[in-house]
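*Asks:* The structure follows.
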Amino acid sequence: MKTLKIAIQKSGRLNEKSVELLKNCGLNFENYKSSLISPVSNFPLEILFLRDDDIPEYVQDGIADLGIVGENVIEETEVDVAYLQRLGFGKCSLKIAVPNNNSIATLEDLNGKAIATTYPVILKKFLEEKGINSEIRTISGSVEISPGLGLSDAICDLVSTGGTLKSNGLKPFADVMSSEAILISNKGNENDDLIQELIQRIQSVLRAKETKYVVLNVLKENLAAVTALLPGVKSPSVVPLAEPEWVAVHTVIPERDFWDRISQLKQAGAQGIVVMPIEKIIL
């Protein structure tokens, strides 16, 4: 039987979440910190632990069938790969930031200015689209210190919380792109049966993270009002209770709507609301 290869980050901000996702898909493997390859014992898959910058090219060249990597890395390496699934973790933004006391107020003010970055390809595209002529200075390592050292007038770097910018006397100035972890494959293999089976597992885990399983009790006279608020996966399940005038309703609620929907349910007559996490949802 064919064995797939999936490349994930060996260390760094995406490693832990990538390993967690694959284990939640029911895959049994060891996260060998000192090894480049870990076989999965219950699925025809091998996991390659690589530098994130190498993952897109490994996938493009067919050395790995799949990869989990930040969208910013894909765009910077300019590879030709297929985007299969956004994974919802590793979210951050690539931003241009300037010193707090800087006179730069508009994008046009960046004309003739030097911008330090570890993402010259993405920054160049952004500046060209905006019609801005800046000098791009490629720096490896911490770019936040470059304005303070007189190496640049601004920086372009990944921002998650903004704490690093603030501690270096910088402020966000312009959004260049948003990024998150992406499942990618080499072009032409998107419809491979094993890849589709793995995608189905991944999607079931992602759906579960986005929803809550809810059980509640309600008088039959209030059932229509309550079920109108609960579409469920297809529709809510209604189960009779020992007391003939009462029923139990089982459903799922999207995480984003959870607290607003709970308040509405209580107002509609729901009682004894029990909320539980969901491990997987398979459609």
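*Asks:* Just one of the numbered conditions (1) in contact (Cβ under 8 Å) with a residue 40 or more places away in the chain; (2) surrounded by fewer than 17 Cβ atoms within 10 Å (Cβ to Cβ); (3) out of contact with any His (no Cβ under 7 Å at 6 or more places or on another chain); (4) aliphatic (A, V, I, L, M) is not true of residue 242; which one?
*Replies:* The number of the failed condition is (1).
*Asks:* Suppose the filter is within 30 Å of residue 22 (Cα to Cα), of a type outside the set (Lys, Arg) and touching a helix residue (DSSP H, G or I) at 6+ places or on another chain (Cβ under 6 Å); does residue 202 pass it?
*Replies:* no
*Asks:* Next up: Condition (residue is outside the structural domain of residue 56 (by TED's automatic domain parsing) and under 30 Å from residue 199 (Cβ atoms)) applied to segment 96-114: is it met by at least one residue?
*Replies:* no
*Asks:* Here's something else I'd like to know. Which condition breaks for residue 102 when tested against (1) at pLDDT 95 or above; (2) within 30 Å of residue 171 (Cβ to Cβ); (3) part of a loop (DSSP other than H, G, I, E, B)?
*Replies:* (1)
*Asks:* Return yes or no: is residue 161 among the β-branched types (Val, Ile, Thr) and buried (at least 16 other Cβ atoms within 10 Å of the Cβ)?
*Replies:* Spelling it out, it is not the case that residue 161 is among the β-branched types (Val, Ile, Thr) and buried (at least 16 other Cβ atoms within 10 Å of the Cβ).
Conditions tested, residue by residue: (1) under 24 Å from residue 209 (Cβ atoms); (2) in contact with an Asp or Glu (Cβ under 7 Å, 6 or more places away or on another chain); (3) modelled with pLDDT of 95 or more.
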residue	(1), (2), (3)
3	no, yes, no
7	yes, no, yes
15	yes, no, no
29	yes, no, no
33	no, no, no
37	no, yes, no
46	no, no, yes
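*Asks:* Another one. Looking at 122, 96 in this structure, which one is part of a helix (DSSP H, G or I) and among the aliphatic types (A, V, I, L, M)?
*Replies:* Result: 122 is the single residue among 122, 96 that is part of a helix (DSSP H, G or I) and among the aliphatic types (A, V, I, L, M).
*Asks:* Within segment 71-89, is there a residue that is in contact with an Asp or Glu (Cβ under 8 Å, 6 or more places away or on another chain), surrounded by 19 or more Cβ atoms within 10 Å (Cβ to Cβ), free of Cβ contacts under 8 Å to residues at least 60 places away in the same chain and in a loop (DSSP other than H, G, I, E, B)?
*Replies:* yes
*Asks:* Which ones in segment 131-146 are under 27 Å from the mean Cα position of the chain (by Cα) and surrounded by 12 or more Cβ atoms within 10 Å (Cβ to Cβ)?
*Replies:* Hits for segment 131-146 are 138, 139, 142, 143, 144.
*Asks:* Within segment 4-36, work out how many residues are part of a loop (DSSP other than H, G, I, E, B), buried (at least 17 other Cβ atoms within 10 Å of the Cβ) and either of a type in the set (Lys, Arg) or within 17 Å of the chain's Cα centre (by Cα) (or both).
*Replies:* Residues meeting the conditions: 3.
The values are calculated or read from the model by the stated rules, or taken from the named source; none is laboratory data. Not measured: the values here are computed from a predicted model. Reconstructed Cβ throughout: ideal geometry from the backbone, glycine too, with neighbour counts over all protein chains shown.
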